[in-house]
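> Handing you a structure now.
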C-alpha cells in the first residue's frame with residue numbers, strides 16, 4: 001500500500017480529478033445520467049489528495065457527520081466495500097447523496113485544501129463507493145438481531161422518511177413507511193430527473209431497506225386513508241414520523257397563470273419523472289412538448305425543469321430569474337451543466353403576465369426588467385422592478401419553479417399539531433418532537449424547501465429522538481401538564 | 001420474494017384491489033365493486049379515488065359511488081371515454097386494479113337545506129346518487145333530474161327513485177322520459193311557488209354551466225362537482241387548478257365541489273382539453289394495437305422486478 005505513504009507535498013501535487021460526463025450536446029438529447037462517475041483508478045487518485053488531517057474539518061460540513069477521512073482512507077487502501085460500510089454507518093443512501101448533495105456548500109467547503117487548492121471531491125468519492133458496492137455485491141449492514149414489537153409509522157417515503165426508517169429498523173423497530181403515490185422515494189422519484197438520479201439506483205436503495213425489514217405501503221394518504229390519531233390508536237403505532245415534504249406549489253398570482261401550457265414545476269417534473277411522460281404513448285401520461293420553453297425560478301428545481309424541457313425537444317429553453325446569477329439558489333454544478341447544454345439565462349427578469357393565443361395556449365411571457373436593491377433578511381440583494389421596462393419573451397410552455405409551501409393535508413386532520421404561519425410543523429429543536437405526543441416531524445415540512453441531505457439529517461435526528469421516547473416514555477409536555485397522552 | 005404477476009400486493013404479499021364484481025349497466029358504462037377496505041371505511045359522498053390500470057398507466061380521478069365499510073368495498077361507475085377508462089372497462093370480476101388511493105377531496109357539505117335538487121347528466125348520476133341519499137337522510141325534500149343522451153344511457157334511476165321524493169328523466173333524443181335537457185325540467189321547477197333551497201349539478205361542463213346560469217337570478221345556493229385533470233390528487237402538482245371567485249383553487253384538495261356561481265367555466269373547459277390530441281393517439285393505439293396498449297405481459301414485470309435485486 002505504497003499509496004498511503006505519499007508525502008503531503010506529493011498529495012497536494014495531485015490535481016483534482018474531473019468528473020467524466022456525457023458531452024453536453026449529446027446529453028441534452030437524452031435522459032441518461034450526465035455524470036458518469038469515477039473509475040477505481042481515478043477514485044484512488046482523488047482519494048490520495050486527502051491530507052488525512054488530524055482534526056478533520058470536513059465532517060463539520062456534513063449534516064449527517066459521515067466519517068469522511070475514514071472512508072477516504074479505505075479508498076486509498078482499495079477497500080471499496082469497506083469504504084461503503086464506513087459511509088453507511090452514518091448515511092444509508094450514499095448513492096443518492098453522492099449525486100444530489102450540494103457538497104460545495106457542505107463538506108467540500110470546509111475541506112482544508114479549499115482556498116489555496118481545490119477541495120477533495122468528497123461527493124464524487126462517496127458516489128464512487130456507493131456505485132462500486134451496488135455493482136460488486138452488497139456490503140453487510142448491521143441490523144439488530146433482536147426485533148422489538150414496537151411499531152413506528154413513517155409518513156412519506158422521501159429522504160427524511162427513508163433516513164429515519166433506516167436507523168429505526170437497524171435498532172430493531174417494526175417500521176412501516178406510508179406513501180401517498182404509487183412509487184416510493186418522494187421528491188427523489190417525482191422531482192429529481194433521471195439524468196441526475198437514475199431511478200434504478202433509487203429503487204435499489206429502497207429494495208435494500210425492504211430487505212432490512214422496512215415495510216412499504218404505497219397508495220396510502222395519511223390524513224385521508226387514515227389519520228395520525230388512528231395510526232397512534234387502533235393501528236397500534238407507538239410513534240409517527242411526519243416527513244411529508246413541502247408539496248404545495250407556489251404560483252405568482254399573475255394574469256394568465258392558469259392558461260394551457262403553464263405548469264407548476266411539480267406537475268411538469270412529475271409527469272416526466274414519476275409518470276414517464278417522455279415515453280408517451282408507450283406510457284399513458286402525456287406532456288406538452290414546448291418549442292420555446294420558459295422556466296421561472298433560479299433553484300435546483302428550475303434547473304431540473306429547464307434541462308428536462310430541453311431534453312424533451314425544446315428549441316429554446318430559458319431560465320427567467322428575478323435576481324442575478326450570484327443570488328441563484330441552484331447548485332453551481334447544475335447552473336454550469338445547464339449552460340453547457342444550451343440553456344439561456346435571462347436574469348434580472350420577472351414575468352408579470354402570460355398572454356394566450358386564440359386557442360387559449362400560452363404564447364408570450366410578458367416580463368419586467370429588475371434591478372437589485374439592498375440585501376434583505378436572507379442576505380441576498382432584493383430585486384426591484386424597473387418601471388416601464390416591459391418586454392416579451394415568446395413561450396409556448398411555461399414552468400413555474402418558484403418554490404413550494406407546506407401541504408396542509410395532515411395538519412388539517414390532526415388535532416394538537418402546531419404549525420407556524422406558513423404551515424410548517426413546529427418541532428422542538430434537533431429532536432423533531434412536535435406539539436403532539438408521539439408525533440415527530442422533519443425535512444421540508446418543518447424547514448420549508450431545503451435539500452435532500454438536510455432532510456435526511458432531520459430524519460436521523462428524529463429517529464434518535466423516537467428511540468429515546470420509546471425507551472423513556474417521556475414527553476416534554478408530560479411535566480408541564482399539557483396532557484395529550486393517547 | 002418475487003412478485004409473480006402484475007397482481008398488486010400489500011406489504012404482506014397479499015393481493016390488493018381485487019375487483020369483486022364488474023358489470024356493464026349501460027353501453028360503455030361499467031359498475032365496479034372493488035375490495036378496498038381502508039377507502040370504504042372513510043369514503044363520504046362527493047369524494048373520489050385516483051386509480052391506475054397498469055404499470056405505465058396514467059392516474060385518473062373517479063368519484064366514489066358507494067363505500068361499504070362492512071364489506072370493505074367501494075363502488076365505482078366508469079364510462080369508457082378516454083384510453084384509461086376504456087382500458088378499465090375491459091377489466092372483469094376477479095381482475096385487479098393496479099393502484100387505487102383515497103378517499104380524496106372534500107366531502108359534500110350536507111345539511112337540511114329544505115328543498116334540494118340533484119341534477120345529473122350521463123355517468124354523473126352515479127356520482128349524484130350518494131349525495132342525494134345523504135341529503136335525504138339529513139331531512140331534505142330531494143328532487144332528482146336525470147339526463148342522458150338516450151334511454152340506454154340512463155343509469156341509477158331505480159336507486160334514485162328509492163331515495164328521492166320526485167325523479168325526472170330527460171333524454172336528448174326523447175327515447176325515454178321527457179325529451180330535451182335537464183335544464184328544461186329545472187326551468188319548470190323554478191316556476192313553482194316553492195323554490196329550491198339547494199341545487200347540485202354533476203355532469204358535463206355545459207350542463208353544469210347551464211344550471212348555474214339558471215339558478216343565478218334566483219340566488220339559489222348551487223354547487224357543481226368539477227372534474228379536472230389530476231396527477232397526485234393531494235395538492236402537490238397543481239394541475240387541477242381552476243378559478244373560482246377570481247381565486248385559483250386546487251380541485252383535488254379544495255373541491256371537487258364549488259359554488260357554481262363563482263366558477264370560471266370557460267377556463268375549466270379549455271384546461272380539460274389540454275391533452276385531447278394525446279388522447280386521440282392513445283385511443284388509436286388501443287384500437288389498432290391492443291397488445292401494445294394493454295399490459296398483460298407478465299413476463300416483463302417479473303424480469304423488471306427481479307433485476308432490482
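> Would you mind checking the tilt of helix B:205-215 against the longest principal axis of the Cα atoms of chain B, expressed as 0 to 90 degrees and rounded to 10?
Computed tilt is about 20 degrees.
> log10 I(q)/I(0), Debye, Cα-only the stretch B:163-236, no solvent, q = 0.14, 0.19 Å⁻¹?
One equal scatterer on each Cα of the stretch B:163-236 leads to -0.55, -0.88.
> Rounded to the nearest angstrom and ordered from largest down, what semi-axes does the equivalent ellipsoid of chain A get from its C-alpha gyration tensor (root of 5λ)?
Working: eigenvalues 253, 203, 91 Å².
Largest first, chain A gives 36, 32, 21 Å.
> For residue B:107, put the label point 7 Å out on the Cα→Cβ axis and report which residues of the stretch B:231-256 keep their amide N under 18 Å from it.
B:253-256, by backbone N distance to the label point.
> Return a whole-number percent for the relative contact order of the stretch A:1-147, with Cα pairs under 8 Å and 6 or more residues apart as the contact set.
On the way: 194 pairs, mean separation 37.9, N = 147.
In percent, rounded to a whole number, it is 26.
> Next question, about the same structure. Give me the compactness ratio for the stretch B:11-149, meaning the Cα radius of gyration over 2.2 N^0.38 Å. Show your work: numbers first, answer last.
Values: Rg = 15.4 Å, N = 139, 2.2 N^0.38 = 14.3 Å.
Working it through for the stretch B:11-149, the quotient is 1.07.
> Now a separate question. How large is the Rg to Rh ratio of the stretch A:1-149 when both quantities use alpha carbon positions and Rh follows Kirkwood? Don't skip to the answer; put the middle values down first.
On the way: Rg = 16.0 Å, Rh = 16.1 Å.
Reported Rg/Rh (Cα atoms, Kirkwood Rh): 0.99.
> Quick check on the stretch A:73-127: what are the equivalent-ellipsoid semi-axes from the Cα gyration tensor, as sqrt(5λ), descending, whole Å?
Semi-axes, largest first: 20, 14, 8 Å.
> As an exercise, use a Förster radius of 45 Å and the Cβ-Cβ distance of residue A:359 and residue A:230 to find the FRET efficiency, rounded to the nearest 0.05.
Details: r = 47 Å, r/R0 = 1.04.
That gives a FRET efficiency of 0.45.
> For the pair residue B:277 and residue B:175, what calculated FRET efficiency results from E = 1/(1 + (r/R0)^6), where r is the Cβ-Cβ distance and R0 = 41 Å, to the nearest 0.05? Display every interim value, and only then the final one.
Numbers: r = 33 Å, r/R0 = 0.80.
E(calc), rounded to 0.05, equals 0.80.
> With each pseudo-label sitting 7 Å past Cα toward Cβ, what's the residue A:16-residue A:289 distance in nm, one decimal?
Between residue A:16 and residue A:289, the simple spin-label model gives 3.8 nm.
> Please order A:389, A:160, B:120 by the number of other Cβ within 10 Å, starting at the fewest.
Values: A:389 13, A:160 36, B:120 29.
Ascending Cβ contact count within 10 Å gives the list A:389, B:120, A:160.
> At 222 nm, what value in deg cm²/dmol follows for chain B if DSSP H runs of at least 4 each add -39500 (n - 2.57) and the sum is divided by all its residues, to the nearest 500? Spell out each step's value before the answer.
Values: 11 runs with 92 residues, N = 309.
Calculated at 222 nm, the ellipticity per residue is -8000 deg cm²/dmol.
> Between residue A:57 and residue A:116, what length in nm is gained on full extension when 0.36 nm per residue of separation is reduced by their alpha carbon distance? Write down the numbers at each step before the final one.
Working: separation 59, 0.36 × 59 = 21.24 nm, distance 1.56 nm.
Computed gain between residue A:57 and residue A:116 is 19.7 nm.
> Still on this structure: For the stretch B:43-115, what relative contact order do you get, as a whole percent, if you take Cα pairs closer than 8 Å and at least 6 residues apart? It would help to have the intermediate numbers written out before the result.
Working: 113 pairs, mean separation 30.3, N = 73.
Relative contact order here is 42 percent.
> Please give the helix B:124-137 orientation as an angle from the longest Cα principal axis of chain B, in degrees from 0 to 90, rounded to the nearest 10.
Taking the Cα atoms of chain B, the angle to B:124-137 is about 60 degrees.
> Also: Can you tell me the relative contact order of chain A? Whole percent, Cα pairs under 8 Å, sequence separation 6 or more. List each step's numbers first, then the result.
Numbers: 1007 pairs, mean separation 70.9, N = 486.
Normalised by residue count, the contact order of chain A is 15 percent.
> Still on this model: To make sure I understand, if each residue's beta carbon is the centre and we count other beta carbons within 10 Å, what order do A:461, B:165 fall in, fewest to most?
Details: A:461 23, B:165 13.
By the 10 Å Cβ count, ascending, the order reads B:165, A:461.
> Ranked by Cβ crowding within 10 angstrom, fewest neighbours first, how are B:207, A:275, A:12 ordered?
Working: B:207 21, A:275 27, A:12 14.
Fewest-to-most Cβ neighbours within 10 Å comes out as A:12, B:207, A:275.
> Efficiency by 1/(1 + (r/R0)^6): what FRET value for residue A:415 and residue A:109, r their Cβ-Cβ distance, R0 = 45 Å, to the nearest 0.05? Could the numbers behind the result be given before it?
Numbers: r = 43 Å, r/R0 = 0.94.
Taking R0 as 45 Å, the efficiency between residue A:415 and residue A:109 is 0.60.
Computed from the coordinates by the stated procedures, all read-outs in this text should not be read as laboratory data. It should be emphasised that the depicted structure is a prediction, and the values quoted were computed from it without experimental measurement. No Cβ is skipped: glycine too gets one built from the backbone with ideal geometry, and neighbour counts run over all protein chains shown.
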